[in-house]
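Chemist: Sharing a structure, written as structure tokens. Questions coming.
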Amino acid sequence: MPLRVRARGLSSTPSVNRTAVMGTVACQEVYGISGEATAEAVNQELRRLDALWSPFRPGNIVDAIRNAAGTVPVSVDDDTFEILSMARILGIRSHGTFDITADPVIRLWRDAARAKKSPPVEQIEKMCNLVDIADLRIGTDRKVFLPRAGQGIDLGAIGKGYAADRTRVIYESAGIRHAVITIGGNVLVMSTRPDGAQWRIGIQDPRLPRNELFGYIEAENCSIVTSGDYERFFEYSGADGNLQRFHHIIDPRTGRPADTGVCGVTVMAASSSLADALATAAFILGIEKGMELCDSFEDIHTLFIDKKGLVHPSSGMRERFRRIANE
Ligand code: ADP
Ligand code: MG
């Protein structure tokens, strides 16, 4: 059956565009005659935000804020002001589980991963003491300040969501109605599919190799973000010589990779930044408290997959999630 084409000039085959950015791959499917050019414009925006917020670009704004910690406030651009303001509120609402000031601890674990051994306990404690979202001062003059030397910010758990929200604005202003973009675990869908059906967003089975789907979520015009311990992790050999594994979501309360029996959390929301931050917070909080946090926001649907492979959907998610039997 041919696709039902809704607008004149709307091509039924999308422009498909893939690019490596933000430490992952961004993949777009954009419908419409300006699809290809718009996808390129989106890539440029993703690269711009990556340059601003990457933890690996000396001299960018994140680096400047870290270097000025304990000394002087730093003037920031509009995007940085916006993401920091949002991250601060969400950090406080998530009881500091999603906490962009976890930067010193995150760096410690990143270095540990490179050295292939876990960080010394005293170092974990020292770095943990520098983490406190309430310390982050954001003035109405767009000046940002961290009061103690050694403090820093890491936008890894919200930056891709912010980028997806910016993408939506670019699609809208280019007149694109139907599109989907995936940036790592962040998915944004515009409207429905061109044939009017809901998009289907695959949820990977955390225990199976990449691309083996556990189920899918039917959705339109929203963002769906997954945080999991299986996407990015470090391996190192432990004191006993056995291979150990730690993943990249750090619980700021312990200074260690979060371990609450959750394998993956998927959050569906209108705002991708919100979904991204909540997915990270919910992963750290675990099923019960994580669900409570997500439910305290309006129109958020959540799905947890626990380490036994059991699915825990919120009531709204139950209507949208379809399981695929792999057995
Ligand atoms: P992914 O980056 O795989 O999409 P997340 O959105 O959960 O997953 O973000 C994890 C990244 O966020 C880490 O790589 C690190 O840079 C940063 N991070 C880790 N723990 C926290 C935390 N508790 N709060 C805020 N950011 C964190
Ligand atoms: Mg996140």
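Quick note: the coordinates plus some simple rules give every number you see, no bench work behind them. Quantities reported herein were computed from a predicted structural model and do not represent experimental measurements. Please note: Cβ atoms are built from the backbone with ideal geometry, for glycine as well, and neighbour counts cover all protein chains shown.
Chemist: The range 52-135: which trypsin sites (Lys or Arg not before Pro) are DSSP loop and have at most 14 other beta-carbon atoms within 10 angstrom?
Modeler: In loop regions of the range 52-135 (DSSP not H, G, I, E or B), the sparsely surrounded trypsin sites (Lys or Arg not before Pro) are LYS116, LYS117.
Chemist: Another question, then. List the trypsin sites (Lys or Arg not before Pro) within the range 244-327 that DSSP assigns to loop and that have no more than 13 neighbouring Cβ atoms inside 10 Å.
Modeler: Of the trypsin sites (Lys or Arg not before Pro), the ones in loops of the range 244-327 whose Cβ has at most 13 other Cβ atoms within 10 Å are LYS308.
Chemist: Now a separate question. Before anything else, pin down the relative contact order of the chain: Cα pairs under 8 Å, at least 6 apart, normalised by residue count, whole percent.
Modeler: 17
Chemist: For the range 59-170, what relative contact order do you get, as a whole percent, if you take Cα pairs closer than 8 Å and at least 6 residues apart?
Modeler: Worked out over the range 59-170, it gives 42 percent.
Chemist: Cα to Cα, under 12 Å, and not fewer than 8 places away if on the same chain: which aspartates and glutamates meet these conditions relative to LYS117?
Modeler: LYS117 reaches GLU235, ASP240.
Chemist: Helix hunt in the chain: which complete DSSP H runs extend at least 20 Å axially by C-alpha with mean Kyte-Doolittle at least 0.0?
Modeler: Helices passing the filter in the chain: 78-93.
Chemist: Which one of PRO206, PRO313, PRO119 has the biggest mean-square fluctuation once the chain is modelled by GNM with Cα springs under 10 Å?
Modeler: Result: PRO119 has the largest fluctuation of those listed.
Chemist: So what's the back-of-envelope 222 nm ellipticity for the chain, counting only DSSP H runs of four-plus at -39500 (n - 2.57) apiece and dividing by all residues, rounded to 500?
Modeler: -10000 deg cm²/dmol
Chemist: Which one, GLU212, GLU29, GLU220, has the greatest fluctuation when you compute a Gaussian network model over the chain with C-alpha springs under 10 angstrom?
Modeler: Answer for the Gaussian network model of the chain: GLU212.
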